[in-house]
Amino acid sequence: MTLATATRRSVKQAPDRSGDRRPVGHGAWFLVLPALIPILVLSVGPLLYGIALAFTDSQSGRTSPTQWIGVLNFQDLLHDTLFWDSFRIGLLWAVGVTVPQFLLALGLALLLNQELRFRWLARALAIIPWAMPEVVVGIMWRLVYNPDAGILNETLRDLGLGDGRDWLSGLGTALPAVIVVGVWAGMPQTTVALLAGLQNTPRELHEAAAMDGAGAWRRFLTVTWPALRPVALAITALNFIWNFNSFALVYVLTNGGPGGRTRLPMLFAYEEAFRYGQFGYAAAMGCVMVAVISVILAVYLVGRLRGGEDA
């Protein structure tokens, strides 16, 4: 028997399993649907409805049907100085919270990554502000900033640094005071993310750098930061988006006052929709904020892709 004949015979005797092949991925959809349906119903659906609402004159209490008005709401928004003032305040708030938040969280993460006594207790205490609801945080800090019996003013009086002031009602102190609360409330999640990145850095690299004579700062620049940079960029981008979209914390602390000094874009849209009943106009504001967030995400993703290609 020749080799070719044996090969043909073995091929004929081999069972044909091509009919048993099933399309890959059909079963996976059934596994994804329980998580996909809530996203479509609670996120994608309202988003699309809000975008469509931005092109109408929808108002509360109207007896006439809602009319399609095209881009008229966006044209009015271009000339709304109050909205652009709130947009500027929102950017100041987002940057003013995100930058100190990252720097303080980085220092705390580096500290908690050291071999310290009761390190487990310090890590547990560090995430307490993260576990507290924003409404509770706002009420607590309103008590801290209370002009008459707040712990901050009482401490200043005891130290002889003045009689204190109304921090949340002053035109020059309201926004900085709220920024302090935002940093305090959001720092734990940044700390946890950075700490996870630090723990994934091989200890052997630090030991090798130390043996080569590199100091602490040099080891941070050459070993720690390159390994931590992807996590740092990701958490910073997310923090900026979360802070720019803040609502509950500032609403409880100042309700946008005094004189609109802490009126973030989300607060402004909320007032237009639920205080003045201008649903279409408020939806146009939401579209502008979604566009800004999309641009930030696009810049971040492009940076990550280019960084991955360079690596």
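Filtering region 151-196 to residues that are within 16 Å of L104 (Cβ to Cβ) and not β-branched (V, I, T) leaves P176, G182, W184, A185, G186, M187, P188, Q189, A193, L194, L195.
So, L103, is that one open to solvent by 80 Å² or more (accessible area, probe 1.4 Å) and closer than 28 Å to V252 by Cβ or not? Taking the combined requirement at face value, the residue satisfies it. Residues considered: L233, L264, L253, L249. Of these, the only one that is closer than 30 Å to L305 by Cα and of a type outside the set (K, R) is L233. Look at region 50-65: where a residue is under 20 Å from D76 (Cα atoms) and a partner is open to solvent by 50 Å² or more (accessible area, probe 1.4 Å) and in a strand (DSSP E or B), sitting 6+ places away or on another chain with Cβ atoms under 6 Å, you get T56/W68. The set of residues in region 37-80 that are surrounded by 15 or more Cβ atoms within 10 Å (Cβ to Cβ) and hydroxyl-bearing (S, T, Y) comprises T56, S58.
Each row is one residue, and each column tells you yes or no for (1) in contact with a Gly (Cβ under 9 Å, 6 or more places away or on another chain); (2) among the hydrophobic types (A, V, I, L, M, F, W, C).
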position: E154; (1), (2): yes, no
position: S169; (1), (2): yes, no
position: V180; (1), (2): no, yes
position: P202; (1), (2): no, no
position: E207; (1), (2): no, no
position: A214; (1), (2): no, yes
position: T222; (1), (2): no, no
position: N239; (1), (2): yes, no
position: S246; (1), (2): yes, no
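Scanning region 111-149 for residues that are open to solvent by less than 60 Å² (accessible area, probe 1.4 Å), assigned to a helix (DSSP H, G or I) and in contact with a Leu (Cβ under 9 Å, 6 or more places away or on another chain) turns up L112, R119, A122, A126, V137, G138, W141, V144. Taking the conditions exactly as written (crowded, with 21+ Cβ neighbours inside 10 Å and more than 28 Å from G150 (Cβ to Cβ)), does A282 satisfy them or not? Yes.
Taken together, the criteria place R88 among residues that are without any contact (Cβ under 8 Å) to a residue 60 or more places away in the chain and within 17 Å of F247 (Cα to Cα). Checking each residue in region 111-126 for being farther than 12 Å from V192 by Cα and polar (S, T, N, Q) picks out only Q114. Any residue that is in contact (Cβ under 8 Å) with a residue 40 or more places away in the chain, over 22 Å from R261 (Cβ atoms) and under 30 Å from the mean Cα position of the chain (by Cα) - is there at least one of those in region 199-208? Yes, because at least one residue in region 199-208 is in contact (Cβ under 8 Å) with a residue 40 or more places away in the chain, over 22 Å from R261 (Cβ atoms) and under 30 Å from the mean Cα position of the chain (by Cα). Screening region 24-36 for residues that are in a helix (DSSP H, G or I) and either open to solvent by 80 Å² or more (accessible area, probe 1.4 Å) or touching a His at 6+ places or on another chain (Cβ under 7 Å) (or both) and picking the one that is nearest to M289 (Cα to Cα) gives P34. Looking only at region 160-198, residues that are under 19 Å from the mean Cα position of the chain (by Cα), over 14 Å from V97 (Cβ atoms) and open to solvent by less than 10 Å² (accessible area, probe 1.4 Å) come to 3 in all.
Selection of first residues in region 218-236 that are under 12 Å from T201 (Cα atoms) and of second residues that are open to solvent by less than 60 Å² (accessible area, probe 1.4 Å) and hydroxyl-bearing (S, T, Y), restricted to Cβ pairs under 8 Å at least 6 apart or on distinct chains, gives the following pairs, ordered by first then second residue: V223/T201; T224/T201; A227/T201; L228/T201.
Every residue, every condition in (1) under 21 Å from Q101 (Cα atoms); (2) modelled with pLDDT of 85 or more; (3) open to solvent by less than 70 Å² (accessible area, probe 1.4 Å), yes or no:
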| position | (1), (2), (3) |
| --- | --- |
| R203 | no, no, no |
| M211 | no, no, no |
| T224 | yes, yes, yes |
| L228 | yes, yes, yes |
| F247 | yes, yes, yes |
| V252 | yes, yes, yes |
| P258 | no, yes, yes |
| E271 | no, yes, yes |
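For the residues A185, A177, A208, A214, the requirement of being more than 27 Å from A234 (Cα to Cα), hydrophobic (A, V, I, L, M, F, W, C) and assigned to a helix (DSSP H, G or I) singles out A208.
The values are calculated or read from the model by the stated rules, or taken from the named source; none is laboratory data. Remember, predicted model here, so these are calculated numbers, not experimental data. For neighbour counting, all protein chains shown are included, and Cβ atoms are generated from backbone atoms with ideal geometry for every residue, glycine included. When the accessible area is computed, the model is the full protein with side chains, heavy atoms only, and any ligands, DNA or RNA have been set aside. Shrake-Rupley method; radii C 1.70, N 1.55, O 1.52, S 1.80 Å.
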